[in-house]
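Everything on this sheet refers to the single structure shown next.
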Amino acid sequence: MRHVHAFGDDALGDLDAVGLVDALRTGKVSRPELVEAAIARTEAVNPILNGLAHETFDRALARAHAGSRGFFDGVPTFIKDNVDVEGMPTMQGTDAWAPRPQPAHGDFASFFLATGLVPLGKTQLSEFGFSASAEHPRLGAVRNPWDTDFTAGASSSGSGAFVAAGVVPIAHANDGGGSIRIPAACNGLVGLKPSRGRLPLDKMSRQMPVRIVNDGVLTRSVRDTAAFYREAERIWRNRRLEPIGAVTGPGSTRLRVAVVTQSVNRLAAPSIRGHTLQTAELIAGLGHSVEYLDHNPVPRYFVDDFLLYWALLAMTLVRTGQRAFGESFDRSKLDNLTLGLDRYATRNLHRMPVAITRLRRLRRVTARLYQTYDVLLTPTLAEETPRIGHLDPTADYQQIIDRLVDWVAFTPLQNATGEPAISLPLAQSASGMPVGMMLSGPIGHERRLLELAFELETAKPWPRIQD
C-alpha cells in the first residue's frame, strides 16, 4: 500500500480547521503562513494525486494578507470545479471546450467565501460529475492518498484526496448521487450531504426538475463539519428548515436506529455488511435502540427512475453545450459515460414524466420509515473502494453504468428525497483502506446526525493517514 500525504511540522501541522482558527486567534500562526504551507503541500502531492484543476495561489496569498470577517478567515481550502468563481474557469471535469475566466461568483461561491475560507484554486471531478470515479482519459485519474492504485471516489474526488492527504483541512464538495459521501467513504473523511435547501444553490442546480444536488464540505473531523454548518446558518438560513445551531458534542437523547444492508437493487458485499453490523453493535452499546430490517422499503423502480433522470441531465448538457460553454464546445471530446447517458435519455424520453413524478413522491416512503425510526444506518457503498480502471470512462457504456449502479447502490436515495445523510469512516478493509458508514434521517434533522456522529467519533476514533 502506497500512502501519500503532506502532513508535517509546518504552520498547518495536523490541525483541523477549527484547530487552525484557534491557532490564528492565539497568534501561533498567521493567515499567510497557513496559505503558504497549503501551497507547498499542494505542490508536493498533486503530481501523484492529480486533484488540482486550477490554481490561484497568488490570489490566495493576497486574500490571506487582506483578511476577511468570516469565522474561518485564513483557513485554506479548495472549491470543486463545477461552481463558478470569479476569475477562475469552470471546466466541469472535462476539456471539451476552451477555458475562460468566469465574470462573477455564482450564488454558492459568494456564500462559501463569506465564511472566510481562502481558496487556493479548484479541484478535479469526473466529467460533469456523472461517474463515481474521476478518471478522465486526457486529464488523468484522481488517486486515493491511502493507496494510489485506488480511486479517490466520486465527482468530489479532488477535494477528498486533498483533505485526506492533509493539503487543506476542509474543502468544498457537492452531491447529486453521493459525491460528498462517496469520497468521504473512500478517503476516510466526514461527509454530510445536507437537507435540500439547507445551503444556497447555483442557478443550474435550482432549475432542475428534481433538485438532487446539494453543496457541502469534506472534513477530517465532525467538529469541522458542525462548525461549517453553524457558520453557514449565520450567513444564510432557510427558514423552512429546522435550524442546526451550534453542535459541539453528542446529544443526550437515545435514538431509534434502523439498520439496512440491502439497497434497492443488491445486498452489500459480505465484508461491507459485516462492518455495518459492527457499527450497529457500537451504536447499541452506546444505549441507542437498534433494529435490523431484512428488506429495503424503497420501491425497486427507484433505480431505473434515478438513472433515467441522471441521463436527462447528461442529455441537457450535451445538447446545449455550445450555448452553455461557448462555441469551442466539442462533443467528440466527451467521455463514453456522458455520451452513453445522452443516448439512453434520448431513447427513453417517453418515460421521463413518470420517472420525475415518482422521484418527487419518494419522500412519502421514507417519511413512513421515520415515523418509527429516528436514524437509518446503511453502508455508504455496497463494495470496497475499487482500483483505478474499474470505472474507466473509455470503456463500453454498458460496462461503466452496470459497475457504477452496482457500487453506488445506497447513496442516491437521499438525493431524490432531499433528506440529510452523513458518511463516517468507522471501518477499514482488510487491506487498511477506509470504509464509510452512512447515517441518514428526516429532512431538516442534520443536528441529530451530527450529535450521533460526535458520539461515534469519540467512541471509535477513526484512523489517520499520517499514523
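Here are some notes:
- Selected residue [touching a Leu at 6+ places or on another chain (Cβ under 9 Å), closer than 26 Å to residue 95 by Cβ and open to solvent by less than 10 Å² (accessible area, probe 1.4 Å)] from 341, 439, 404: 341
- Looking across the stretch 254-265, the residues that are farther than 18 Å from residue 435 by Cα, modelled with pLDDT of 95 or more and assigned to a loop (DSSP other than H, G, I, E, B) come down to 254, 255.
- Within the span defined as the stretch 382-401, one or more residues are closer than 19 Å to residue 218 by Cβ and open to solvent by 10 Å² or more (accessible area, probe 1.4 Å).
- Listed by position, the helices (runs of 4 or more DSSP H) enclosed by the stretch 168-246 that each have at least 2 residues that are open to solvent by less than 10 Å² (accessible area, probe 1.4 Å) and either over 19 Å from residue 453 (Cβ atoms) or modelled with pLDDT of 95 or more (or both) are 181-187, 222-235.
- Near pairs, Cβ below 9 angstrom, 6+ apart or cross-chain, from the stretch 8-29 (within 16 Å of residue 228 (Cα to Cα)) to any residue that is of a type in the set (Asp, Glu) and surrounded by fewer than 16 Cβ atoms within 10 Å (Cβ to Cβ): 15/22
- Where a residue in the stretch 193-217 is under 24 Å from residue 76 (Cα atoms) and among the small types (Gly, Ala, Ser) and its partner, wherever it lies, is open to solvent by 10 Å² or more (accessible area, probe 1.4 Å) and part of a loop (DSSP other than H, G, I, E, B), with Cβ under 9 Å and at least six apart: 216/198; 216/199
- Any chance residue 94 is touching a residue at least 40 places away in the same chain (Cβ under 8 Å), within 26 Å of residue 198 (Cα to Cα), among the β-branched types (Val, Ile, Thr) and outside any helix (DSSP H, G or I): no
- Test: residue 429 is modelled with pLDDT of 95 or more, under 13 Å from residue 186 (Cα atoms) and surrounded by fewer than 24 Cβ atoms within 10 Å (Cβ to Cβ): yes
- The residues on offer are 118, 45, 75, 21, and the sole one that is in contact with a Pro (Cβ under 6 Å, 6 or more places away or on another chain) and modelled with pLDDT of 95 or more is 118.
- If you go through the stretch 225-280 and pick out every residue that is more than 30 Å from residue 307 (Cα to Cα), without any contact (Cβ under 8 Å) to a residue 40 or more places away in the chain and hydrophobic (A, V, I, L, M, F, W, C), you end up with 1.
- Residue in the stretch 283-293 that is closer than 27 Å to residue 415 by Cβ, in a helix (DSSP H, G or I) and at pLDDT 95 or above present: yes
- Selected residue (only one of 323, 364, 358 is without any contact (Cβ under 8 Å) to a residue 60 or more places away in the chain, within 30 Å of residue 253 (Cβ to Cβ) and outside any loop (DSSP other than H, G, I, E, B)): 364
- Some residue of the stretch 31-48 being crowded, with 20+ Cβ neighbours inside 10 Å, of a type in the set (S, T, N, Q), more than 17 Å from residue 170 (Cα to Cα) and touching a Leu at 6+ places or on another chain (Cβ under 8 Å): no
- Looking at 14, 58, 10, just one residue is open to solvent by 10 Å² or more (accessible area, probe 1.4 Å), out of contact with any strand residue (DSSP E or B) (no Cβ under 9 Å at 6 or more places or on another chain) and assigned to a helix (DSSP H, G or I), and that residue is 58.
- Checked against (1) farther than 20 Å from residue 137 by Cβ; (2) over 20 Å from the mean Cα position of the chain (by Cα); (3) open to solvent by 10 Å² or more (accessible area, probe 1.4 Å), residue 84 passes all but a single condition, namely (2).
- Cβ-Cβ under 6 Å pairs, at least 6 apart or on other chains, the stretch 288-302 side farther than 27 Å from residue 361 by Cβ, far side open to solvent by 70 Å² or more (accessible area, probe 1.4 Å) and modelled with pLDDT of 95 or more: 288/254; 289/256
- Annotation: of all residues in the stretch 394-440 being within 19 Å of residue 306 (Cβ to Cβ) and in a strand (DSSP E or B), the one that is farthest from the chain's Cα centre (by Cα) is 440.
- Residue check for residue 413: touching a Ser or Thr at 6+ places or on another chain (Cβ under 6 Å) and either open to solvent by 10 Å² or more (accessible area, probe 1.4 Å) or without any contact (Cβ under 8 Å) to a residue 40 or more places away in the chain (or both): no
- Test for residue 373: is it among the aromatic types (Phe, Trp, Tyr) and open to solvent by 30 Å² or more (accessible area, probe 1.4 Å): no
- Residue satisfying all of: in the stretch 1-56; more than 26 Å from the chain's Cα centre (by Cα) and of a type in the set (Lys, Arg); nearest to residue 386 (Cα to Cα) among these: 31
- Yes/no for residue 64 being under 24 Å from residue 13 (Cβ atoms) and open to solvent by 40 Å² or more (accessible area, probe 1.4 Å): no
- Residue count, the stretch 274-313 (criterion: under 22 Å from residue 177 (Cα atoms) and surrounded by fewer than 16 Cβ atoms within 10 Å (Cβ to Cβ)): 5
The values are calculated or read from the model by the stated rules, or taken from the named source; none is laboratory data. Treat the numbers as computed from the prediction; the structure is a model and nothing was measured. Every residue, glycine as well, gets a Cβ built from its backbone with ideal geometry; the counts of neighbours run over all protein chains shown. We work out accessible area using only protein heavy atoms, side chains counted, and drop any ligands, DNA or RNA first. Shrake-Rupley method; radii C 1.70, N 1.55, O 1.52, S 1.80 Å.
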